[in-house]
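The values are calculated or read from the model by the stated rules, or taken from the named source; none is laboratory data. The shown structure was predicted, so the numbers you read here are calculated from the model rather than taken from an experiment. Cβ placement follows ideal geometry from the backbone for every residue including glycine, while neighbour counts extend to all protein chains displayed.
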Amino acid sequence: MGRANASVVKSPTRPPSRIWRSARWIGPRLGTLAALVLVAGTGSLASHHVWGVDALTKKASWQRYDATEMAGMLRSSLDELGVLPADMDAVTERFLSAIESDDADPLDAYVLSIRDLVPVVDQLIVESSQSLVAAGSTIDPNAPAYAQLEALPKSLRMTVRTWLGRKLVRHRLYDEALPAIAEVDPNESIDPAATLFYRGASYHALLMKDEALTDLRRLLENESDCPVRYSRTAQMMVADIKPLKEDSLDEISRIMTDVSRRLDLGRTDEEVKDREQKIIDKLSKLIEKLEEQQQQQQQQQSGGGGGGGGNQNAQGAPMDDSRIAGASGNGDVDRKKIEELDGWGNLPPAERQQAIQQISRDLPTHYREAIEAYFRKLATENK
């Protein structure tokens, strides 16, 4: 009897640690080995890539996370925040169910899963549904919510920033998107490909050539893990921006497109005025260069003594009327306030058309169309 009683006496046990609870929860999903790694491992899951291929065999600087890895990163962040195990279980199950059963986007599923536990994320979701520009301003260090956002665990913070940056890019709010996503470490976000793609797209749209090429080429390091829509678009953006040269007609056309985008968004701020002035300055510089070339060729023709040589030189020369009517030839242009434009945008139709023809006569069709559309836009905005 005593032996029986002694056999049922149990020593006091300590409650299982959060790490052990995590291992018990995730063990059935990953198998015994992954559970043991989770218990024994230290540091963030995002940094160590404990599941999958040996890091030494990977050549790309980033890899795609599967659903289980993303759930592990989420749970690690919640644990760092001090969330109760039962709540972590519920949130992680909700996240996994959304992306595995409902085929939800991982970034959307992530922020929606944690909003009830992380007030600053809930606030960001609400603001983004009301005003994306206001939501983007949350990243401003002077914003009230900035300190709360920066205090979040790194992986959670990087993922939320990627989610917000993507949302802004999709609405062509590239200036607001960059502060949100510029400093994100792709490997700390649950979706590294999205981080690189949307940041690269922002740099591309804002003509930040070197930065765009860096991110887009890094994305293409790992095409096998990259969504096809990302890789194909990234390849086109690289091919598009790689030949871009400063002060070229290509650059001017792109700046015009950017100004049109800003005007479409209802912006007439100092940034728009600066870019409009940049367009005028660059066009004037090009016109001045053409005039100098024409003058040199005319001097060569007049001093060449006639003959066949003069005709050969004339073949590549601009037409005599390549100067804008009334231009003095020095390329100087006074800065105009947008509301007082009495030049490019408000020229009489006949004169405006003549000026456009002079500027764009030898350009490819899409450049001519961009220039014409830009000046039509200016004329419409200032009526």
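A few notes on this one:
- Residue list for the range 216-249, filter: part of a helix (DSSP H, G or I) and at pLDDT below 90: Leu249
- Qualifying residue in the range 51-58 (condition: at pLDDT 95 or above and not β-branched (Val, Ile, Thr)): no
- Yes/no for Arg261 being farther than 15 Å from Trp62 by Cα, part of a helix (DSSP H, G or I) and without any contact (Cβ under 8 Å) to a residue 12 or more places away in the chain: no
- Flag if Met208 is at pLDDT 95 or above and either among the polar types (S, T, N, Q) or more than 12 Å from the chain's Cα centre (by Cα) (or both): no
- Evaluation of Leu84 against (1) under 13 Å from Asp191 (Cβ atoms); (2) surrounded by fewer than 16 Cβ atoms within 10 Å (Cβ to Cβ) (one fails), failing number: (1)
- Selection status of Arg217, touching a Gly at 6+ places or on another chain (Cβ under 9 Å), closer than 30 Å to Ala193 by Cα and in the same structural domain as Leu168 (by TED's automatic domain parsing): yes
- Any hit, the range 130-144, residues being over 20 Å from the mean Cα position of the chain (by Cα) and buried (at least 17 other Cβ atoms within 10 Å of the Cβ): no
- Lone qualifier among Asp116, Asp185, Asp175, Asp191 - being in the same structural domain as Ala67 (by TED's automatic domain parsing) and more than 17 Å from the chain's Cα centre (by Cα): Asp116
- Pair list, Cβ under 8 Å, 6 or more apart: the range 110-132 residue part of a helix (DSSP H, G or I), other residue surrounded by fewer than 20 Cβ atoms within 10 Å (Cβ to Cβ) and of a type in the set (S, T, N, Q): Pro119/Gln148; Val120/Gln148
- Note on the range 184-202: residues that are surrounded by fewer than 24 Cβ atoms within 10 Å (Cβ to Cβ) and touching a Leu at 6+ places or on another chain (Cβ under 8 Å) total 3.
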